[in-house]
1. Which one of the conditions (1) surrounded by 17 or more Cβ atoms within 10 Å (Cβ to Cβ); (2) not in a loop (DSSP other than H, G, I, E, B) does L269 fail to meet, given that it meets all the rest?
2. Return the residue satisfying two criteria in turn: it lies in the range 238-250 and is open to solvent by 30 Å² or more (accessible area, probe 1.4 Å) and at pLDDT 95 or above, and of such residues it is farthest from E207 (Cα to Cα).
3. For the range 69-100, how many residues meet the condition of being within 19 Å of D138 (Cα to Cα), at pLDDT 95 or above and not hydrophobic (A, V, I, L, M, F, W, C)?
4. Residues of the range 172-191 being farther than 17 Å from T325 by Cβ and touching a Pro at 6+ places or on another chain (Cβ under 7 Å), which ones?
5. How many of the residues making up the range 282-296 are open to solvent by 40 Å² or more (accessible area, probe 1.4 Å) and in a strand (DSSP E or B)?
6. Could you identify the single residue in P360, P408 that is more than 24 Å from F201 (Cβ to Cβ), part of a loop (DSSP other than H, G, I, E, B) and without any contact (Cβ under 8 Å) to a residue 40 or more places away in the chain?
7. Filter the range 363-383 down to the residues that are touching a residue at least 12 places away in the same chain (Cβ under 8 Å) and open to solvent by 60 Å² or more (accessible area, probe 1.4 Å) and list them by number.
Amino acid sequence: MENPLSKVDTKREALRRLRESDLPVIISGAGIVGEELFAICRHEGIDVACFCDGSTKASHSSCCGKEVIYTPDLQSRYEDALILISAAAIKDVVDLLHAMGFSRWIAGGVLLRDQDLSQSAELDYRKFAIENCIVCHDGFLNRDKIFIRSVDLIITERCSLRCKDCSNLMQYYQHPRNVETGELLEAIDAFFKVVDAVMDFRLIGGETFMNRQWPIFVERLTKGRRLSDPEVKRVVLYTNGTIVPNARQLDCLRDERVLVIATDYGERLSRKLSELKQLFEQNEIHHHVLQIEEWLDCAGIKAHHRTDDENRQLFKMCCAKNMLTLSDGKLFRCPYSANAARLSAVPDVKSDYVDLYEAPLDEDGILATRKKMRDYLFDKDFLTVCDFCSGRPLAGREVPPAVQSDTPLPYVLYANPACMDQ
């Protein structure tokens, strides 16, 4: 089904194919990376017909002076085209394009490898997005290696807020705890026996800074074993702006590969944000303050009793299905599935995750786990746990962010077969 154009893996060849194409060139993704690819095309004298984007907010507008078409509407506008992909989630884009009859595409990361990626202490999202695209596209084009865009490492269930619509399900934990340090370090080591490289290893909770051992995990991830080719390209810590870390803990955050992202939920909730930002600026720590206007309504736990085809469609449209999460020595496709399992809220279905300890961590066992992980990452079309999720499409129902609950929310223990009829 793939056209030879899809196999381009050098910038020179990609530019030649783009120049010689008798089809309209369309850039998939109207964001930072799409704009960068447009600039490269313009510099090389390559005409771009338009952009397409899977977000309804980005589509039906313009980018770089070109129209942005909602990707599902592309069929009605073009019989065929050469698609230059800017999205890091390249497999999702390729699958969607193929389903629509567009088999000619080029991975935009190939054109970006020699771009200037210098960065200041206040995060340059251009660098962040371009590096992400390059690593993800290289991993997609080279199936012999396992390159992963991002992995969330759950280091705590504790949070300083109780947001009733938290997509990581923190609002359901009755007795939240920090994850044991030795357990996490062992899981990281087991993970890197199987995986070759990760673009972003993200420390999450709950609230990351509520586990006071967080510097241990940052140091393990930044030091690595292959210093000339770091297995982790970037370590990202997420915080809600309620806790300021001790000044003695800041040394590990000064590493050029470390980034702190603080979400701003307003002065009442993110009450330490100004102090936190000042601390990072004074210590030249890479950071970014994220403004959030809405959340997707995707935090419920309920057995919907959908058909496999219905769950397959839900999975296909999910914007979180590649937000891989490491929890209890298992790799899950998303934070929802990982936390639903931690809560014992859903049945334990072994095909829903990759257990890093299922096979021995010797040569044969690692090879077996690598094969299982490749199949899980590239061939999985839905999870059993999808039936308990309300879905997370980009165009889903929106709710106000960070609305607080006074107490933990109740939920049904669907892990108990007796509850499955509810």
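1. (2)
2. In the first step, residues of the range 238-250 are kept if they are open to solvent by 30 Å² or more (accessible area, probe 1.4 Å); the result is 238, 243-244, 246-249.
Next cut, at pLDDT 95 or above only: 238, 243-244.
Details: Y238: 7, I243: 9, V244: 11 Å.
Selected residue: V244.
3. 1
4. Listed by number, the list holds a single entry, Q174.
5. In the first step, residues of the range 282-296 are kept if they are open to solvent by 40 Å² or more (accessible area, probe 1.4 Å); the result is 282, 284, 290-295.
Still in the list and also in a strand (DSSP E or B): 290-291, 295.
Number of matching residues: 3.
6. Numbers: P408 fails: without any contact (Cβ under 8 Å) to a residue 40 or more places away in the chain.
None of the others qualify; the one that does is P360.
7. Quick first cut of the range 363-383, residues touching a residue at least 12 places away in the same chain (Cβ under 8 Å) only: 366, 369-370, 372-374, 376-378, 380-383.
Within the range 363-383, K372, R374, D381 meet the criteria.
The rows are residues; the columns are (1) free of Cβ contacts under 8 Å to residues at least 12 places away in the same chain; (2) open to solvent by less than 10 Å² (accessible area, probe 1.4 Å); (3) part of a helix (DSSP H, G or I); (4) β-branched (V, I, T).
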| site | (1), (2), (3), (4) |
| --- | --- |
| A58 | no, no, no, no |
| S62 | yes, no, no, no |
| V93 | no, no, yes, yes |
| S103 | no, no, no, no |
| L111 | no, yes, yes, no |
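The values are calculated or read from the model by the stated rules, or taken from the named source; none is laboratory data. Quantities reported herein were computed from a predicted structural model and do not represent experimental measurements. All Cβ positions, even for glycine, are placed from backbone atoms using ideal geometry, and neighbour counts span all protein chains on display. Areas reflect the complete protein model, heavy atoms only, side chains present, ligands, DNA and RNA absent. Shrake-Rupley method; radii C 1.70, N 1.55, O 1.52, S 1.80 Å.
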